[in-house]
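Just below is one structure, and these are the notes that go with it.
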Amino acid sequence: MWTRRLGLVAVALFIAYAGGLVWFAEDIADAVEDTETPTDAIVVLTGGRLRLEAGLELLAGGKAKKLFISGVNQRVDRDELLRSLRPVPENTACCIVIGHTADNTFGNARETADWMHEEGYRSLRLVTGWYHMRRSLLEFERAMPRVRIIPHPVFAHHVDPERWWNWHGAPLLVLGEYDKFLASLAWPVLSRLFPPPPAAPSLRTTEIPRSFAGGVQ
């Protein structure tokens with residue numbers, strides 16, 4: 001009896017997982033829907049040269065006041081990062097800010113939210129890989145619910161966005177990203193159900209006065 005019930009639960013979970021995967025794959029952007037609307041900021045998530053080049057092109061085109069690059073290696077400064085790309089005019093380079101604290105998508109969203117708050121900005125254009133956009137929007141909308149976010153997915157030159165499944169490696173890439181998306185989706189619930197244990201109280205040591213310590217045998 002229990003075996004049958006467990007089997008039915010497993011089948012139901014698999015159907016839900018597979019159905020979600022189909023929705024996730026169908027929902028992947030195959031083009032940039034809004035290329036014209038200006039925003040306060042352009043935000044690029046590190047992860048590829050094409051993302052950076054797209055962000056610089058948008059900034060040079062006057063689509064935002066500043067470009068924020070989130071998740072840059074702590075040993076790389078702005079000038080070194082820009083030297084690895086095409087020459088950037090000085091009047092454009094001065095409007096580029098980099099963030100060093102993020103090391104994942106959750107961190108990208110928090111790092112960007114702090115910077116947006118400091119700047120007083122209310123809108124941004126989010127530049128990241130086409131497969132990474134759905135999870136990025138989830139984290140960014142959580143971190144900045146009152147900020148307008150325009151997605152700007154970037155596609156590799158050799159990938160047809162309307163037939164990405166024909167590209168070698170893309171199905172596995174999307175499957176892995178779907179699993180990460182589910183984990184991000186479930187994280188708020190899981191963190192409430194299984195909160196981290198409280199930090200152990202710090203032990204304070206008291207220095208024994210020399211006069212007293214000298215009398216102890």
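Roughly how many nanometres apart are two label points built 7 Å out from the Cα toward the Cβ at Ala18 and Ala93?
5.5
Among Phe68, Gly7, Pro153, flag the residue with its Cα farthest along the positive direction of the charge dipole of region 1-154, charges on Cβ as +1 for Lys/Arg and -1 for Asp/Glu.
With unit charges placed on the Cβ atoms, the residue in question is Gly7.
Testing the spin-label approximation: label points 7 Å from Cα along Cα→Cβ at Glu36 and Leu137. State their distance in nm.
In this crude label model, Glu36 to Leu137 measures out at 2.1 nm.
List the lysines whose alpha-carbon lies under 30 Å from that of Lys180, not counting same-chain residues fewer than 8 positions away?
Output for Lys180: Lys66.
Using unit Cβ charges (K, R positive; D, E negative) and no other charged atoms, how large, in debye to the nearest 20, is the dipole of region 47-125 about its Cα centre?
Dipole magnitude for region 47-125 comes out near 280 debye.
Which whole-number value in Å² is the accessible area per residue of region 27-123, probe 1.4 Å? Before the final figure, lay out each step's value.
Values: 5200 Å² over 97 residues.
Per-residue value: 54 Å².
The values are calculated or read from the model by the stated rules, or taken from the named source; none is laboratory data. Being a predicted model, the structure only gives us computed values, none of them experimental. In this analysis, Cβ positions are derived from the backbone assuming ideal geometry, glycine residues included, and neighbour counts consider all displayed protein chains. Heavy atoms of the whole protein, side chains included, go into the accessibility calculation; ligands, DNA and RNA do not. Shrake-Rupley method; radii C 1.70, N 1.55, O 1.52, S 1.80 Å.
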